[in-house]
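Colleague: I have a structure I would like to understand better, so I am pasting it below and will then ask my questions one at a time.
All of the numbers you see were taken from the coordinates with simple rules; none came from a lab. Quick caveat: nothing in here was measured; it's all calculated off a predicted structure. Here Cβ is always computed from backbone atoms with ideal geometry, including for glycine, and neighbour counts include all displayed protein chains.
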């Protein structure tokens, strides 16, 4: 009789573990995931080896906004994932000139970046429907839309919402509020 109760207990524990695994996988693939940052492309706002909670359903019924930190699949090599900041929205003209970013000929004030940041090279791009221009915060060390072009919305995985590790950095990730664009 004792063997039966142990087997029953193991069976019940296995069912609970399987249910938790299925729920966990569902959440990971469809609701939220944790992404480990690699490299310095988003410094000083995100750092190498930081873990970020990403909301996968953020853009199901809403469009990405300027300033959102987004996890995306690298256009053309979807197995690679990056975190970048949305700078340009569909239909806008993006211009980089003399180290500054312009949206529809209005300078973009990026208060989350060091004062002396210099964005290069000079370029101009008009975004089509469902195209976004994304940049890393560390402009001298970022592989972004200046190099590989615009990013289609379908490549967005989700919006970064919380820094979960290291614990000393625990905080919400709030989108940047740009004035008058």
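Colleague: Between 168, 97, 145, find the one with the highest GNM mean-square fluctuation for the chain; connect C-alpha pairs within less than 10 Å.
Modeller: Result: 168 has the largest fluctuation of those listed.
Colleague: For the chain, what is the calculated [θ] at 222 nm in deg cm²/dmol (nearest 500), taking -39500 (n - 2.57) for each run of four or more DSSP H residues and dividing by its residue count? Intermediate values should be presented prior to the final figure.
Modeller: Working: 2 runs with 29 residues, N = 181.
For the chain, the value works out to -5000 deg cm²/dmol.
Colleague: Binning every alpha carbon pair distance of segment 35-89 at 5 Å from zero, what are the percents per bin?
Modeller: Percent of pairs per bin, in order: 4, 18, 26, 28, 19, 5, 0.
Colleague: With springs only between Cα atoms under 10 Å, which of 85, 128, 66 fluctuates most in a Gaussian network model of the chain?
Modeller: For the chain, modelled as a Gaussian network with Cα springs under 10 Å, the answer is 128.
Colleague: Under a crude label model (7 Å from the Cα following the beta-carbon direction), how far is residue 7 from residue 80 in nanometres?
Modeller: 5.4 nm
Colleague: Tell me the volume per residue, in Å³, of the convex hull enclosing the alpha carbons of segment 134-181. Present the calculation step by step, with values, prior to reporting the outcome.
Modeller: Values: hull volume 6.7 nm³, N = 48.
Taking the convex hull of the Cα positions in segment 134-181, it is 139 Å³ per residue.
Colleague: Further, regarding this structure: Would you look at the GNM of the chain, springs on alpha carbons closer than 10 Å, and say which of 79, 38, 124 moves the most?
Modeller: Highest fluctuation of the listed residues: 79.
Colleague: Expressed in nm², what is the orientationally averaged projection area of the convex hull enclosing the Cα positions of segment 2-121?
Modeller: Numbers: hull surface 46.0 nm².
Mean orientational projected area (segment 2-121, Cα hull): 11.5 nm².
Colleague: Compute the relative contact order of segment 34-181 as a whole-number percentage, counting only Cα pairs closer than 8 Å that sit 6 or more residues apart in sequence.
Modeller: Numbers: 324 pairs, mean separation 45.7, N = 148.
The value is 31 percent.
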